[in-house]
Amino acid sequence: MASTAKPNIGILIATQLVSVIGDSFGQRCSRVNYKHSTRHMMIGLCLMTAVQMFIIMGILQLSLPTSITGAIYINNVKVDCYKELDIEGKIMDCTPLNCTIIPCKSQGPFSIFKSISLHPFLLTNGLMNIIYYNGEVFLYKEPLGLLFLVISALSSTFLINPLNIIFGEPINQPIPFLIYLFGIGGSILSVIEFTPKKKKLEIEEEEEKKKLLDNSIHNNGLSGADKQPLLLNNDDKDIEVLDENYNEGSVSSNTHFRNKQKVQSIENVDDSSSSQSSNNNQNNQNTETEEKDISHHHQQQQQQQQQQQQQHVIIENSINNNSETIVNSNEKSKGIEIGKIIIRAIKIFIPLVMLAIANALWMETSLFYNDQFRTNAFGYNSLDQTLLPFYLFPFMILIDFVKPLKRAFLNDTDQNESLIQAVKSTWKESNLLTLFIYRLLINGRAIMYFYLAIEYDLTMVYLESTLVRVVMNWLGAIVLNLLLPKWINATPEERKKTFHPINLVLKCIGTAGVVVSLIILNK
(Lines give C-alpha, C1' and ligand atoms only; values in the text may rest on other atoms or scores of the structure.)
Protein backbone atom coordinates (compact mmCIF):
# COMPACT_ATOMS: atom_id res chain seq x y z
CA MET A 1 0.00 0.00 0.00
CA ALA A 2 1.29 3.44 -0.91
CA SER A 3 2.18 5.86 1.82
CA THR A 4 -0.29 8.69 2.35
CA ALA A 5 1.91 10.71 4.72
CA LYS A 6 2.56 14.33 3.85
CA PRO A 7 6.09 15.70 4.26
CA ASN A 8 6.84 18.54 6.63
CA ILE A 9 6.94 21.85 4.71
CA GLY A 10 10.15 22.76 6.54
CA ILE A 11 11.93 19.70 5.10
CA LEU A 12 10.78 20.66 1.59
CA ILE A 13 11.98 24.25 1.98
CA ALA A 14 15.37 23.06 3.23
CA THR A 15 15.67 20.63 0.33
CA GLN A 16 14.81 23.27 -2.25
CA LEU A 17 17.12 25.83 -0.68
CA VAL A 18 19.97 23.37 -1.16
CA SER A 19 18.73 22.83 -4.72
CA VAL A 20 18.57 26.54 -5.62
CA ILE A 21 22.05 27.25 -4.29
CA GLY A 22 23.43 24.20 -6.06
CA ASP A 23 21.79 25.14 -9.37
CA SER A 24 23.22 28.65 -9.04
CA PHE A 25 26.73 27.21 -8.80
CA GLY A 26 25.84 25.02 -11.78
CA GLN A 27 24.91 28.09 -13.83
CA ARG A 28 28.22 29.70 -12.98
CA CYS A 29 30.08 26.59 -14.10
CA SER A 30 28.15 26.45 -17.36
CA ARG A 31 28.08 30.14 -18.28
CA VAL A 32 31.40 31.40 -16.86
CA ASN A 33 33.87 28.53 -16.52
CA TYR A 34 32.81 26.43 -19.50
CA LYS A 35 31.40 29.32 -21.58
CA HIS A 36 28.17 27.48 -22.51
CA SER A 37 30.05 24.39 -23.70
CA THR A 38 27.69 21.47 -23.08
CA ARG A 39 30.41 18.86 -23.46
CA HIS A 40 32.87 20.56 -21.13
CA MET A 41 30.09 20.94 -18.55
CA MET A 42 29.16 17.28 -18.92
CA ILE A 43 32.76 16.11 -18.51
CA GLY A 44 33.34 18.35 -15.49
CA LEU A 45 30.23 17.36 -13.54
CA CYS A 46 30.61 13.69 -14.47
CA LEU A 47 34.16 13.31 -13.17
CA MET A 48 33.68 15.53 -10.11
CA THR A 49 30.49 13.68 -9.12
CA ALA A 50 32.09 10.25 -9.40
CA VAL A 51 35.18 11.14 -7.39
CA GLN A 52 33.26 13.17 -4.80
CA MET A 53 30.57 10.57 -4.15
CA PHE A 54 33.01 7.67 -4.08
CA ILE A 55 35.05 9.40 -1.37
CA ILE A 56 32.10 10.69 0.71
CA MET A 57 29.90 7.61 0.46
CA GLY A 58 32.90 5.33 0.94
CA ILE A 59 33.82 7.11 4.17
CA LEU A 60 30.21 6.87 5.38
CA GLN A 61 29.99 3.17 4.51
CA LEU A 62 33.17 2.40 6.43
CA SER A 63 32.59 4.69 9.41
CA LEU A 64 28.85 4.57 10.17
CA PRO A 65 27.25 1.58 11.94
CA THR A 66 25.55 -1.05 9.82
CA SER A 67 22.24 -0.26 11.49
CA ILE A 68 22.33 3.02 9.54
CA THR A 69 24.06 2.18 6.25
CA GLY A 70 22.35 -1.23 5.94
CA ALA A 71 18.84 -0.29 7.06
CA ILE A 72 16.01 -0.84 4.55
CA TYR A 73 12.66 0.93 4.92
CA ILE A 74 9.50 -0.04 3.06
CA ASN A 75 6.31 2.02 3.60
CA ASN A 76 8.01 3.91 6.45
CA VAL A 77 8.76 0.66 8.27
CA LYS A 78 12.21 -0.78 8.85
CA VAL A 79 12.23 -4.37 7.56
CA ASP A 80 14.40 -7.39 8.27
CA CYS A 81 17.06 -8.68 5.91
CA TYR A 82 16.73 -12.20 4.49
CA LYS A 83 19.23 -14.59 2.97
CA GLU A 84 16.94 -15.30 0.01
CA LEU A 85 16.46 -11.62 -0.80
CA ASP A 86 19.73 -9.95 0.15
CA ILE A 87 22.26 -12.71 -0.50
CA GLU A 88 20.68 -14.81 -3.23
CA GLY A 89 18.87 -11.91 -4.96
CA LYS A 90 15.47 -13.60 -5.22
CA ILE A 91 12.34 -11.47 -5.64
CA MET A 92 9.66 -12.99 -3.40
CA ASP A 93 7.49 -12.24 -0.39
CA CYS A 94 9.60 -13.17 2.61
CA THR A 95 8.50 -13.62 6.20
CA PRO A 96 10.32 -15.16 9.15
CA LEU A 97 8.27 -18.30 8.49
CA ASN A 98 9.46 -18.97 4.93
CA CYS A 99 12.82 -17.15 4.78
CA THR A 100 16.03 -16.97 6.80
CA ILE A 101 16.67 -13.73 8.70
CA ILE A 102 20.24 -12.41 8.55
CA PRO A 103 22.00 -9.22 9.74
CA CYS A 104 21.73 -6.41 7.19
CA LYS A 105 25.00 -5.51 5.48
CA SER A 106 26.19 -1.98 4.90
CA GLN A 107 25.64 -0.44 1.49
CA GLY A 108 27.74 2.04 -0.44
CA PRO A 109 30.41 2.20 -3.17
CA PHE A 110 31.98 -1.07 -2.05
CA SER A 111 28.73 -3.02 -2.37
CA ILE A 112 27.34 -1.75 -5.66
CA PHE A 113 28.96 -4.41 -7.85
CA LYS A 114 27.48 -7.16 -5.65
CA SER A 115 24.06 -5.54 -6.07
CA ILE A 116 24.52 -5.35 -9.87
CA SER A 117 25.49 -9.01 -10.04
CA LEU A 118 22.27 -9.90 -8.20
CA HIS A 119 20.08 -7.47 -10.16
CA PRO A 120 21.54 -6.47 -13.57
CA PHE A 121 18.44 -4.33 -14.18
CA LEU A 122 20.10 -1.73 -11.95
CA LEU A 123 22.30 -0.81 -14.91
CA THR A 124 19.28 0.76 -16.63
CA ASN A 125 19.89 3.61 -14.22
CA GLY A 126 22.65 4.63 -16.62
CA LEU A 127 20.09 5.37 -19.35
CA MET A 128 18.25 7.73 -17.04
CA ASN A 129 21.52 9.46 -16.19
CA ILE A 130 22.30 10.00 -19.88
CA ILE A 131 18.88 11.56 -20.43
CA TYR A 132 18.93 13.59 -17.23
CA TYR A 133 22.41 15.10 -17.47
CA ASN A 134 22.11 15.96 -21.16
CA GLY A 135 18.81 17.73 -20.53
CA GLU A 136 20.15 19.48 -17.44
CA VAL A 137 23.28 20.74 -19.18
CA PHE A 138 21.25 22.05 -22.14
CA LEU A 139 18.95 24.03 -19.84
CA TYR A 140 21.80 25.38 -17.72
CA LYS A 141 22.97 27.37 -20.76
CA GLU A 142 19.76 29.42 -20.73
CA PRO A 143 19.51 32.63 -18.69
CA LEU A 144 16.33 31.23 -17.13
CA GLY A 145 17.77 27.75 -16.83
CA LEU A 146 16.76 27.49 -13.17
CA LEU A 147 13.09 28.04 -13.97
CA PHE A 148 13.14 25.64 -16.94
CA LEU A 149 14.55 22.99 -14.63
CA VAL A 150 11.61 23.60 -12.31
CA ILE A 151 9.02 23.35 -15.07
CA SER A 152 10.45 20.03 -16.22
CA ALA A 153 10.30 18.73 -12.65
CA LEU A 154 6.71 19.92 -12.27
CA SER A 155 5.69 18.25 -15.52
CA SER A 156 7.11 14.94 -14.35
CA THR A 157 4.47 14.65 -11.60
CA PHE A 158 1.93 13.67 -14.27
CA LEU A 159 4.09 10.65 -15.15
CA ILE A 160 4.47 9.13 -11.69
CA ASN A 161 1.18 7.22 -11.43
CA PRO A 162 1.47 5.77 -14.98
CA LEU A 163 4.99 4.65 -14.05
CA ASN A 164 3.65 3.16 -10.80
CA ILE A 165 1.42 0.93 -12.92
CA ILE A 166 4.33 -0.08 -15.18
CA PHE A 167 6.66 -0.90 -12.27
CA GLY A 168 4.00 -2.60 -10.18
CA GLU A 169 4.06 -0.02 -7.41
CA PRO A 170 0.90 1.09 -5.55
CA ILE A 171 -1.04 3.96 -7.09
CA ASN A 172 -0.74 7.23 -5.21
CA GLN A 173 -3.78 9.25 -4.25
CA PRO A 174 -4.95 11.54 -7.06
CA ILE A 175 -4.14 15.22 -6.91
CA PRO A 176 -7.20 17.53 -6.93
CA PHE A 177 -7.65 19.48 -10.15
CA LEU A 178 -7.73 22.79 -8.28
CA ILE A 179 -4.19 22.19 -7.01
CA TYR A 180 -2.91 21.55 -10.51
CA LEU A 181 -4.80 24.60 -11.79
CA PHE A 182 -3.24 26.99 -9.29
CA GLY A 183 0.11 25.22 -9.13
CA ILE A 184 0.78 24.80 -12.84
CA GLY A 185 -0.82 28.13 -13.74
CA GLY A 186 1.28 29.90 -11.16
CA SER A 187 4.43 28.12 -12.31
CA ILE A 188 3.83 29.09 -15.93
CA LEU A 189 3.31 32.73 -14.99
CA SER A 190 6.55 32.57 -13.04
CA VAL A 191 8.41 31.44 -16.15
CA ILE A 192 6.83 33.60 -18.87
CA GLU A 193 8.93 36.64 -19.75
CA PHE A 194 7.83 39.67 -21.75
CA THR A 195 10.32 41.20 -24.19
CA PRO A 196 9.54 44.81 -25.23
CA LYS A 197 9.51 45.47 -28.98
CA LYS A 198 12.16 47.61 -30.62
CA LYS A 199 11.49 50.42 -33.19
CA LYS A 200 8.55 49.85 -35.45
CA LEU A 201 9.15 48.71 -39.01
CA GLU A 202 7.32 51.68 -40.50
CA ILE A 203 9.51 54.22 -38.69
CA GLU A 204 12.66 52.53 -39.93
CA GLU A 205 11.37 52.51 -43.52
CA GLU A 206 10.46 56.22 -43.46
CA GLU A 207 13.83 57.22 -42.05
CA GLU A 208 15.64 55.13 -44.64
CA LYS A 209 13.60 56.64 -47.51
CA LYS A 210 14.22 60.18 -46.26
CA LYS A 211 17.97 59.67 -46.03
CA LEU A 212 18.10 58.13 -49.50
CA LEU A 213 16.03 60.94 -51.03
CA ASP A 214 18.12 63.69 -49.43
CA ASN A 215 21.38 62.12 -50.57
CA SER A 216 20.14 61.64 -54.13
CA ILE A 217 18.85 65.20 -54.50
CA HIS A 218 22.00 66.66 -52.99
CA ASN A 219 24.30 64.72 -55.30
CA ASN A 220 22.21 65.47 -58.42
CA GLY A 221 21.94 69.22 -57.61
CA LEU A 222 25.70 69.61 -57.46
CA SER A 223 26.28 67.93 -60.81
CA GLY A 224 23.59 70.06 -62.54
CA ALA A 225 25.01 73.33 -61.21
CA ASP A 226 28.43 72.40 -62.45
CA LYS A 227 27.28 71.64 -65.96
CA GLN A 228 24.61 74.24 -66.74
CA PRO A 229 26.65 77.53 -66.29
CA LEU A 230 29.40 76.15 -68.51
CA LEU A 231 26.99 75.59 -71.35
CA LEU A 232 25.43 79.06 -71.03
CA ASN A 233 28.77 80.92 -70.85
CA ASN A 234 30.14 79.22 -73.93
CA ASP A 235 27.03 80.03 -75.89
CA ASP A 236 27.11 83.73 -74.86
CA LYS A 237 30.72 84.10 -75.96
CA ASP A 238 29.96 82.61 -79.32
CA ILE A 239 27.11 85.08 -79.88
CA GLU A 240 29.27 88.10 -78.93
CA VAL A 241 32.02 87.07 -81.37
CA LEU A 242 29.50 86.72 -84.14
CA ASP A 243 28.10 90.22 -83.48
CA GLU A 244 31.57 91.82 -83.50
CA ASN A 245 32.52 90.20 -86.80
CA TYR A 246 29.34 91.42 -88.38
CA ASN A 247 29.87 95.09 -87.35
CA GLU A 248 33.51 95.17 -88.38
CA GLY A 249 32.68 93.84 -91.84
CA SER A 250 30.07 96.57 -92.39
CA VAL A 251 32.33 99.49 -91.36
CA SER A 252 35.21 98.30 -93.56
CA SER A 253 33.06 98.08 -96.68
CA ASN A 254 31.60 101.59 -96.28
CA THR A 255 35.03 103.27 -95.80
CA HIS A 256 36.42 101.62 -98.93
CA PHE A 257 33.47 102.85 -100.97
CA ARG A 258 33.91 106.55 -99.98
CA ASN A 259 37.64 106.65 -100.72
CA LYS A 260 37.19 105.34 -104.26
CA GLN A 261 34.15 107.44 -105.14
CA LYS A 262 36.04 110.60 -106.30
CA VAL A 263 38.58 108.85 -108.55
CA GLN A 264 36.55 106.55 -110.70
CA SER A 265 32.82 106.99 -110.84
CA ILE A 266 32.15 104.02 -113.13
CA GLU A 267 34.46 101.87 -111.13
CA ASN A 268 32.93 103.26 -107.96
CA VAL A 269 29.52 102.33 -109.19
CA ASP A 270 30.78 98.85 -110.04
CA ASP A 271 32.76 98.66 -106.84
CA SER A 272 29.80 99.94 -104.89
CA SER A 273 27.60 97.32 -106.48
CA SER A 274 30.19 94.70 -105.80
CA SER A 275 30.65 95.87 -102.18
CA GLN A 276 26.97 95.86 -101.57
CA SER A 277 26.66 92.43 -103.06
CA SER A 278 29.57 91.25 -100.92
CA ASN A 279 28.10 92.88 -97.83
CA ASN A 280 24.74 91.33 -98.49
CA ASN A 281 26.28 87.91 -98.92
CA GLN A 282 28.32 88.29 -95.78
CA ASN A 283 25.32 89.57 -93.87
CA ASN A 284 23.31 86.60 -95.04
CA GLN A 285 26.06 84.18 -94.07
CA ASN A 286 26.45 85.78 -90.63
CA THR A 287 22.71 85.70 -90.10
CA GLU A 288 22.52 82.04 -91.05
CA THR A 289 25.47 81.20 -88.76
CA GLU A 290 23.90 83.11 -85.92
CA GLU A 291 20.56 81.34 -86.40
CA LYS A 292 22.29 77.98 -86.50
CA ASP A 293 24.19 78.72 -83.31
CA ILE A 294 21.07 79.93 -81.53
CA SER A 295 19.19 76.86 -82.74
CA HIS A 296 22.04 74.68 -81.55
CA HIS A 297 21.93 76.44 -78.17
CA HIS A 298 18.18 75.80 -77.85
CA GLN A 299 18.67 72.14 -78.75
CA GLN A 300 21.32 71.81 -76.07
CA GLN A 301 18.98 73.38 -73.52
CA GLN A 302 16.20 70.96 -74.52
CA GLN A 303 18.57 68.01 -74.30
CA GLN A 304 19.71 69.21 -70.87
CA GLN A 305 16.10 69.48 -69.66
CA GLN A 306 15.39 65.99 -70.99
CA GLN A 307 18.48 64.67 -69.18
CA GLN A 308 17.34 66.32 -65.95
CA GLN A 309 13.87 64.80 -66.32
CA GLN A 310 15.40 61.39 -66.99
CA GLN A 311 17.64 61.76 -63.95
CA HIS A 312 14.64 62.71 -61.82
CA VAL A 313 12.75 59.63 -63.05
CA ILE A 314 15.80 57.47 -62.30
CA ILE A 315 16.04 58.92 -58.78
CA GLU A 316 12.34 58.27 -58.12
CA ASN A 317 12.65 54.71 -59.44
CA SER A 318 15.77 54.19 -57.33
CA ILE A 319 13.98 55.43 -54.20
CA ASN A 320 10.98 53.20 -54.88
CA ASN A 321 13.21 50.21 -55.61
CA ASN A 322 15.24 50.84 -52.48
CA SER A 323 12.04 51.20 -50.46
CA GLU A 324 10.77 47.90 -51.81
CA THR A 325 14.16 46.35 -51.08
CA ILE A 326 14.04 47.67 -47.51
CA VAL A 327 10.51 46.31 -47.00
CA ASN A 328 11.48 42.93 -48.50
CA SER A 329 14.64 42.87 -46.42
CA ASN A 330 12.69 43.66 -43.25
CA GLU A 331 10.13 40.97 -44.11
CA LYS A 332 12.92 38.45 -44.68
CA SER A 333 14.64 39.46 -41.45
CA LYS A 334 11.33 39.12 -39.62
CA GLY A 335 10.89 35.64 -41.10
CA ILE A 336 14.43 34.74 -40.09
CA GLU A 337 13.78 35.99 -36.54
CA ILE A 338 10.58 33.92 -36.30
CA GLY A 339 12.50 30.88 -37.55
CA LYS A 340 15.20 31.46 -34.94
CA ILE A 341 12.57 31.73 -32.21
CA ILE A 342 10.97 28.45 -33.30
CA ILE A 343 14.33 26.67 -33.42
CA ARG A 344 15.26 28.08 -30.03
CA ALA A 345 11.91 26.94 -28.58
CA ILE A 346 12.48 23.43 -29.94
CA LYS A 347 16.00 23.34 -28.49
CA ILE A 348 14.53 24.22 -25.09
CA PHE A 349 11.44 22.01 -25.38
CA ILE A 350 13.29 18.77 -26.22
CA PRO A 351 15.66 18.77 -23.21
CA LEU A 352 12.78 20.00 -21.04
CA VAL A 353 10.71 16.92 -21.96
CA MET A 354 13.74 14.64 -21.63
CA LEU A 355 14.42 16.03 -18.19
CA ALA A 356 10.78 15.61 -17.12
CA ILE A 357 10.88 11.93 -18.12
CA ALA A 358 14.21 11.43 -16.38
CA ASN A 359 12.95 13.12 -13.19
CA ALA A 360 9.88 10.90 -13.05
CA LEU A 361 11.92 7.78 -13.78
CA TRP A 362 14.46 8.73 -11.13
CA MET A 363 11.80 9.07 -8.43
CA GLU A 364 10.03 5.93 -9.57
CA THR A 365 13.07 3.71 -9.88
CA SER A 366 14.51 4.87 -6.54
CA LEU A 367 11.33 3.53 -4.95
CA PHE A 368 11.34 0.41 -7.14
CA TYR A 369 14.99 -0.41 -6.44
CA ASN A 370 14.40 0.06 -2.73
CA ASP A 371 11.31 -2.19 -2.56
CA GLN A 372 12.26 -4.86 -5.09
CA PHE A 373 16.10 -4.93 -5.13
CA ARG A 374 16.63 -3.94 -1.47
CA THR A 375 18.90 -1.03 -2.42
CA ASN A 376 18.74 1.70 0.23
CA ALA A 377 19.76 5.37 0.00
CA PHE A 378 23.47 4.65 0.49
CA GLY A 379 23.51 1.89 -2.09
CA TYR A 380 21.37 3.65 -4.66
CA ASN A 381 23.19 7.01 -4.56
CA SER A 382 26.54 5.23 -4.81
CA LEU A 383 25.27 3.33 -7.82
CA ASP A 384 23.71 6.44 -9.33
CA GLN A 385 26.68 8.80 -8.95
CA THR A 386 29.88 6.76 -8.63
CA LEU A 387 29.33 4.90 -11.90
CA LEU A 388 28.39 8.05 -13.79
CA PRO A 389 31.54 8.13 -16.02
CA PHE A 390 30.84 4.54 -17.09
CA TYR A 391 27.47 5.70 -18.44
CA LEU A 392 28.22 9.12 -19.87
CA PHE A 393 31.63 8.62 -21.45
CA PRO A 394 30.50 5.81 -23.81
CA PHE A 395 27.68 8.11 -24.88
CA MET A 396 30.11 10.99 -25.46
CA ILE A 397 32.39 8.67 -27.48
CA LEU A 398 29.39 7.67 -29.61
CA ILE A 399 28.59 11.35 -30.22
CA ASP A 400 32.20 12.00 -31.17
CA PHE A 401 32.14 9.39 -33.95
CA VAL A 402 28.59 9.88 -35.31
CA LYS A 403 28.49 13.24 -37.10
CA PRO A 404 24.69 13.76 -37.06
CA LEU A 405 24.70 13.24 -33.28
CA LYS A 406 27.71 15.51 -32.95
CA ARG A 407 25.90 18.32 -34.79
CA ALA A 408 22.75 17.78 -32.72
CA PHE A 409 24.35 17.68 -29.27
CA LEU A 410 27.38 19.93 -29.61
CA ASN A 411 27.81 23.58 -30.54
CA ASP A 412 30.19 24.71 -33.29
CA THR A 413 33.16 25.12 -30.96
CA ASP A 414 32.69 21.70 -29.36
CA GLN A 415 32.39 20.06 -32.78
CA ASN A 416 35.87 21.21 -33.73
CA GLU A 417 37.62 19.31 -30.94
CA SER A 418 37.97 15.61 -30.18
CA LEU A 419 36.86 14.08 -26.90
CA ILE A 420 40.46 13.91 -25.68
CA GLN A 421 40.95 17.60 -26.47
CA ALA A 422 37.65 18.35 -24.71
CA VAL A 423 38.83 16.58 -21.54
CA LYS A 424 42.06 18.61 -21.56
CA SER A 425 40.16 21.87 -22.13
CA THR A 426 37.70 21.01 -19.36
CA TRP A 427 40.55 20.52 -16.91
CA LYS A 428 42.03 23.92 -17.83
CA GLU A 429 38.68 25.73 -17.58
CA SER A 430 37.41 24.12 -14.38
CA ASN A 431 37.27 25.98 -11.11
CA LEU A 432 37.51 22.94 -8.83
CA LEU A 433 36.07 24.69 -5.77
CA THR A 434 32.98 25.95 -7.62
CA LEU A 435 32.48 22.59 -9.32
CA PHE A 436 32.93 20.74 -6.02
CA ILE A 437 30.32 22.88 -4.21
CA TYR A 438 27.90 22.56 -7.13
CA ARG A 439 28.03 18.77 -7.17
CA LEU A 440 28.06 18.46 -3.38
CA LEU A 441 24.82 20.43 -3.06
CA ILE A 442 23.12 18.64 -5.95
CA ASN A 443 24.14 15.23 -4.64
CA GLY A 444 22.89 16.24 -1.21
CA ARG A 445 19.57 17.12 -2.81
CA ALA A 446 19.49 13.68 -4.49
CA ILE A 447 19.95 11.93 -1.13
CA MET A 448 17.16 14.03 0.42
CA TYR A 449 14.90 13.23 -2.55
CA PHE A 450 15.52 9.52 -2.07
CA TYR A 451 14.54 9.81 1.59
CA LEU A 452 11.36 11.73 0.68
CA ALA A 453 10.48 9.23 -2.06
CA ILE A 454 10.50 6.19 0.21
CA GLU A 455 8.97 7.90 3.26
CA TYR A 456 6.04 9.81 1.78
CA ASP A 457 3.41 9.73 -0.95
CA LEU A 458 5.54 9.93 -4.10
CA THR A 459 3.23 12.08 -6.23
CA MET A 460 2.36 14.39 -3.36
CA VAL A 461 5.91 14.94 -2.16
CA TYR A 462 7.25 15.53 -5.64
CA LEU A 463 4.50 17.97 -6.61
CA GLU A 464 4.79 19.90 -3.35
CA SER A 465 8.59 20.06 -3.44
CA THR A 466 8.50 21.24 -7.05
CA LEU A 467 6.01 24.02 -6.27
CA VAL A 468 8.26 25.21 -3.45
CA ARG A 469 11.16 25.07 -5.88
CA VAL A 470 9.31 27.29 -8.40
CA VAL A 471 9.05 30.19 -5.99
CA MET A 472 12.55 29.80 -4.57
CA ASN A 473 14.17 29.51 -7.99
CA TRP A 474 12.76 32.71 -9.46
CA LEU A 475 13.63 34.52 -6.25
CA GLY A 476 17.12 33.06 -6.61
CA ALA A 477 17.29 34.31 -10.21
CA ILE A 478 16.28 37.80 -9.06
CA VAL A 479 18.95 37.80 -6.35
CA LEU A 480 21.66 36.64 -8.75
CA ASN A 481 20.79 39.24 -11.38
CA LEU A 482 20.48 41.99 -8.80
CA LEU A 483 23.47 41.34 -6.57
CA LEU A 484 25.78 39.02 -8.52
CA PRO A 485 25.15 39.50 -12.26
CA LYS A 486 28.82 39.08 -13.15
CA TRP A 487 28.99 35.89 -11.11
CA ILE A 488 26.79 34.11 -13.68
CA ASN A 489 27.89 36.37 -16.56
CA ALA A 490 24.40 37.85 -17.03
CA THR A 491 24.20 40.28 -19.96
CA PRO A 492 22.53 43.74 -19.67
CA GLU A 493 19.72 42.52 -21.96
CA GLU A 494 19.05 39.53 -19.71
CA ARG A 495 18.98 41.75 -16.63
CA LYS A 496 16.58 44.23 -18.26
CA LYS A 497 14.27 41.38 -19.14
CA THR A 498 14.47 39.94 -15.61
CA PHE A 499 13.56 43.25 -13.98
CA HIS A 500 10.95 44.33 -16.51
CA PRO A 501 7.87 45.47 -14.53
CA ILE A 502 5.50 43.19 -16.44
CA ASN A 503 7.72 40.17 -15.76
CA LEU A 504 7.90 40.97 -12.06
CA VAL A 505 4.11 41.34 -11.86
CA LEU A 506 3.63 38.00 -13.65
CA LYS A 507 5.99 36.29 -11.23
CA CYS A 508 4.19 37.75 -8.21
CA ILE A 509 0.81 36.61 -9.56
CA GLY A 510 2.28 33.17 -10.31
CA THR A 511 3.70 32.94 -6.79
CA ALA A 512 0.26 33.70 -5.35
CA GLY A 513 -1.16 30.77 -7.33
CA VAL A 514 1.61 28.46 -6.10
CA VAL A 515 1.03 29.51 -2.48
CA VAL A 516 -2.71 28.81 -2.83
CA SER A 517 -2.01 25.32 -4.15
CA LEU A 518 0.44 24.63 -1.29
CA ILE A 519 -2.15 25.75 1.27
CA ILE A 520 -4.72 23.38 -0.24
CA LEU A 521 -2.18 20.53 -0.24
CA ASN A 522 -1.35 21.01 3.44
CA LYS A 523 -4.92 21.24 4.77
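General remarks:
- Those residues of region 487-523 which are open to solvent by 80 Å² or more (accessible area, probe 1.4 Å), farther than 28 Å from VAL32 by Cβ and in contact (Cβ under 8 Å) with a residue 40 or more places away in the chain, in sequence order: ILE509
- Verdict on VAL461 being in contact with a Pro (Cβ under 6 Å, 6 or more places away or on another chain) and either of a type in the set (Lys, Arg) or under 30 Å from ILE171 (Cβ atoms) (or both): yes
- Near pairs, Cβ below 6 angstrom, 6+ apart or cross-chain, from region 161-178 (polar (S, T, N, Q)) to any residue that is open to solvent by 70 Å² or more (accessible area, probe 1.4 Å) and assigned to a helix (DSSP H, G or I): none
- When the residues of region 93-124 are filtered to those that are aromatic (Phe, Trp, Tyr) and farther than 13 Å from PHE373 by Cβ, the one that is surrounded by the most Cβ atoms within 10 Å (Cβ to Cβ) is PHE110.
- SER24 buried (at least 20 other Cβ atoms within 10 Å of the Cβ), within 20 Å of ASN381 (Cβ to Cβ) and small (Gly, Ala, Ser): no
- LYS90 meets each of the listed conditions (1) of a type outside the set (Ser, Thr, Tyr); (2) assigned to a helix (DSSP H, G or I); (3) at pLDDT 80 or above; (4) surrounded by 13 or more Cβ atoms within 10 Å (Cβ to Cβ) apart from (2).
- Residue tally, condition buried (at least 19 other Cβ atoms within 10 Å of the Cβ) and part of a loop (DSSP other than H, G, I, E, B), over region 392-402: 0
- Here the condition is being open to solvent by 20 Å² or more (accessible area, probe 1.4 Å), without any contact (Cβ under 8 Å) to a residue 12 or more places away in the chain and more than 30 Å from ASP93 (Cα to Cα); of LEU352, LEU405, LEU419, it holds for LEU405 alone.
The values are calculated or read from the model by the stated rules, or taken from the named source; none is laboratory data. None of these values were measured; they are calculated from a predicted model. Note that each Cβ is placed from the backbone with ideal geometry, even for glycine, and that neighbours are counted across all protein chains shown. Surface accessibility is based on the protein's heavy atoms, side chains included, excluding ligands, DNA and RNA. Shrake-Rupley method; radii C 1.70, N 1.55, O 1.52, S 1.80 Å.
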